[in-house]
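Q: First, the structure itself, so that you have it in front of you.
The values are calculated or read from the model by the stated rules, or taken from the named source; none is laboratory data. Please read all numbers here as calculations on a predicted model, not as lab measurements. Every residue, glycine among them, receives a Cβ derived from its backbone with ideal geometry; neighbour counts consider all protein chains shown. Surface areas here come from the heavy atoms of the whole protein model, side chains and all, with no ligands, DNA or RNA. Shrake-Rupley method; radii C 1.70, N 1.55, O 1.52, S 1.80 Å.
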Amino acid sequence: MKASAFSYARASSISDALHLLVTHGDRAKLLSGGQSLMPAMNLRLISPELIVDIGQLAELRGIAVTGNTLRIGALTRHVELAGSSDIAAHAPLLVEAIAHVAHPAIRNKGTLGGGLAHADPASELPACMLALNATIVIQGQSGERRVHAEDFFTGIYETALSPEELLVAVELPVAPKNASHFFHEFARRHGDYAIVGLAAQAIVEHGAFADLRLAFFAVGDRPVLAKAAGKLIGKPLTPAMLSDAAAVLSAELEPQEDHQASVAMRRHLARVLLARCVGTLLGRPDLAAGVFA
């Protein structure tokens, strides 16, 4: 199939793009990298009347560090994230996660903002935003607003963006020097949609977690910042304590069954990732015994 007929406009500035969005409302769609939009249009899952191309807006590109904040423009491509020395130094979790995003052809064109606005619950980067405590910067004609990543993703392919707003950047706290991270996903083949995945950032002090953020993806209608992490912070861990945290995790996740996995399988894989993550970050593979005993 091919897309139904549509009109096309290339925005000359952010204000021009916003004017077009306000004028056409939900009949318009933004084009950044096009790696999600074009397949959806070709399958006629969506049929916008107007495509607003923002791909040439230089003010939406770039990576910059100011003080303790890392700011990434919405049009920064996946391949640029993977090759950035600033990302490697201050948000290395992103470098590791990017390698799992589809395939090189997609990463060469796909953008950070496009992927976040698409809000696929099986996508890697939305979960990374939760793990890294990101703030999503949104602009409308009335001005700019900031939304915590935990509040930005509201459902399957749904976000806090209105049809008249534009995601312009992401702001991340610079990772502390003693921070560590973990990323892994289960997929049938590298580059396929994740069956279950986990992005995590932690601070370990004296063999225990001083801070731990666990963001699971492909386990519900949006990425999940696990409350189970709270049971693992501030004390030396035992296998039994990790087992208790795994039980809390199973209860808070709401996975769905599809052709890839059952609900039970997804909950099991999430517990496996929790155990691997904790054991890796603490250097204690023995902890996993409490989860699967």
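Q: If only Cα atoms are counted, what is the Rg of region 7-79, and what is its Dmax, in Å?
A: 14.1, 45
Q: Ok, one more. Mind computing the radius of gyration and Dmax over the alpha-carbon atoms of region 83-190? Å is fine for both.
A: Just the Cα atoms of region 83-190 yield Rg and Dmax of 14.2, 45 Å.
Q: In square angstrom, what is the accessible area per residue of the chain with a 1.4 angstrom probe?
A: About 45 Å² of surface per residue is accessible.
Q: What share of Cα pairs, in percent, lie more than 32 angstrom apart in the chain? Write out the running numbers ahead of the final one.
A: Values: 11476 of 42778 pairs.
Of the Cα pairs, 27 percent sit more than 32 Å apart.
Q: If you don't mind, another one. What angle do you read, to the nearest 10 degrees and between 0 and 90, between the alpha-carbon axis of helix 239-252 and the longest principal axis of the chain?
A: Once rounded, one gets 30 degrees.
Q: Going by amide H atoms built from the backbone, whose H comes under 5 Å of the H on A169, apart from near neighbours?
A: Distant-sequence amide H within range of A169: A74, V137.
Q: Another question, then. Can you divide the C-alpha Rg of region 72-117 by 2.2 N^0.38 Å and report the result to two decimal places? It would help to have the intermediate numbers written out before the result.
A: On the way: Rg = 9.6 Å, N = 46, 2.2 N^0.38 = 9.4 Å.
Output field value: 1.02.
Q: For region 40-113, compute Rh as the Kirkwood radius over C-alpha pairs and then the Stokes-Einstein diffusion coefficient at 20 °C and 1.002 mPa s; write the answer in µm²/s, rounded to an integer.
A: On the way: Rh = 13.8 Å.
Once the numbers are plugged in, D ends up at 155 µm²/s.
Q: Near the amide H of L30, under 5 Å away, which other amide H atoms are found, from residues 5 or more places off or on another chain, if H is placed in the peptide plane?
A: Hits under the 5 Å cutoff: V52.
Q: Further, regarding this structure: Work out the length of the dipole vector of the chain about its Cα centre, built from +1 on the beta-carbon of each Lys and Arg and -1 on the beta-carbon of each Asp and Glu, and round it to the nearest 20 debye.
A: Values: 25 positive and 28 negative charges, 106 e Å.
Using only the charged Cβ atoms, the result is roughly 500 debye.
Q: Amide H of A134 versus every other amide H placed in the peptide plane: which residues, excluding those fewer than 5 positions away on the same chain, fall under 5 Å?
A: Residues meeting the criterion, in which the H sits 1.01 Å from N, are A149.
Q: Work out the FRET efficiency for D192 and A40 from their Cβ-Cβ distance, taking R0 = 25 Å, and round it to the nearest 0.05.
A: On the way: r = 18 Å, r/R0 = 0.73.
So the FRET efficiency works out to roughly 0.85.
Q: Could you pull the accessible area for K235 with a 1.4 Å probe, rounded to 10 Å²?
A: Here the residue's solvent-accessible area equals roughly 80 Å².
Q: Among A117, Q139, P223, whose Cα sits farthest toward the positive end of the charge dipole of the chain (+1 at Cβ of Lys/Arg, -1 at Cβ of Asp/Glu, about the Cα centre)?
A: The residue sitting farthest along the positive end of the dipole is P223.
Q: Given the protein chains as shown and a 1.4 Å probe, how many square angstrom of S180 are accessible, to the nearest 10?
A: Answer for S180: close to 40 Å² accessible.
Q: Using a 1.4 angstrom probe on the protein heavy atoms only, line up T135, T111 by accessible area, largest first.
A: Numbers: T135 25, T111 5 Å².
Heavy-atom accessible area, descending, gives T135, T111.
Q: Would you list, by chain and number, the lysines whose Cα falls below 30 Å from the Cα of K177, excluding same-chain residues fewer than 8 positions away?
A: K227, K231, K235
Q: At 7 Å along Cα-to-Cβ for each site, give me the label-to-label distance between D286 and A64 in nm.
A: Computed distance between label sites D286 and A64 equals 5.0 nm.
Q: Let me ask another. Over all directions, what mean area does the Cα convex hull of region 169-245 project, stated in square nanometres? It would help to have the intermediate numbers written out before the result.
A: Numbers: hull surface 27.8 nm².
Across all orientations, region 169-245 yields a mean hull projection of 7.0 nm².
Q: Can I ask one more? Give the ranking of F216, F182 by solvent-accessible surface, highest area first, calculated with a 1.4 Å probe. It would help to have the intermediate numbers written out before the result.
A: Values: F216 0, F182 25 Å².
If we order F216, F182 from most to least accessible, we get F182, F216.
Q: Then there's this: On a 0 to 90° scale, report how tilted helix 263-282 is relative to the longest principal axis of the chain, with both axes built from alpha carbons and the result rounded to the nearest 10.
A: Helix 263-282 sits at roughly 70 degrees to that axis.
Q: With bins 5 Å wide starting at 0, give me the P(r) of region 141-293 over every alpha carbon pair, in whole percents.
A: Pair shares across the bins are 2, 9, 17, 19, 18, 15, 11, 6, 3, 1, 0, 0.
Q: Sticking with this one: Just from the alpha-carbon atoms, what are the Rg and Dmax of region 102-153 in angstroms?
A: Answer for region 102-153, Rg first and Dmax second: 12.2, 38 Å.
Q: Quantify, in whole percent, the carbon and sulfur part of the accessible surface of the chain (1.4 Å probe; protein heavy atoms only).
A: Its accessible area is 52 percent carbon and sulfur atoms.
Q: Using a 1.4 angstrom probe on the protein heavy atoms only, could you order E80, E158 from most to least accessible area? Provide the component values of the computation, followed by the final result.
A: Details: E80 80, E158 100 Å².
Ranking E80, E158 by accessible area, largest first, yields E158, E80.
Q: Then there is this: Counting each DSSP H run of 4 or more residues in the chain as -39500 (n - 2.57), what helix-only mean residue ellipticity at 222 nm follows after dividing by all residues, to the nearest 500 deg cm²/dmol? Please report the intermediate quantities before stating the final value.
A: On the way: 12 runs with 99 residues, N = 293.
Value at 222 nm, helices only: -9000 deg cm²/dmol.
Q: Given a cut-off of under 8 Å on Cα pairs at least six residues apart, what relative contact order in percent is computed for region 89-244?
A: Values: 309 pairs, mean separation 38.2, N = 156.
Contact order relative to length: 25 percent.
Q: Karplus couplings for region 59-68 from phi (6.51 cos²θ - 1.76 cosθ + 1.60, θ = phi - 60°), rounded to Hz, Gly and Pro as x?
A: Whole-Hz 3J(HN,Hα) from phi for region 59-68: 5, 9, 10, x, 10, 9, 10, 10, x, 9.
Q: What percent antiparallel are the DSSP beta bridges of the chain, to the nearest 5? Don't jump to the answer; show the numbers that get you there.
A: Values: 42 of 51 bridges.
Looking only at bridges with both residues in the chain, the antiparallel portion is about 80 percent.
Q: Accessible surface of T23 in the full protein assembly, 1.4 angstrom probe, to the nearest 10 Å²?
A: Its heavy atoms expose roughly 70 Å² to the probe.
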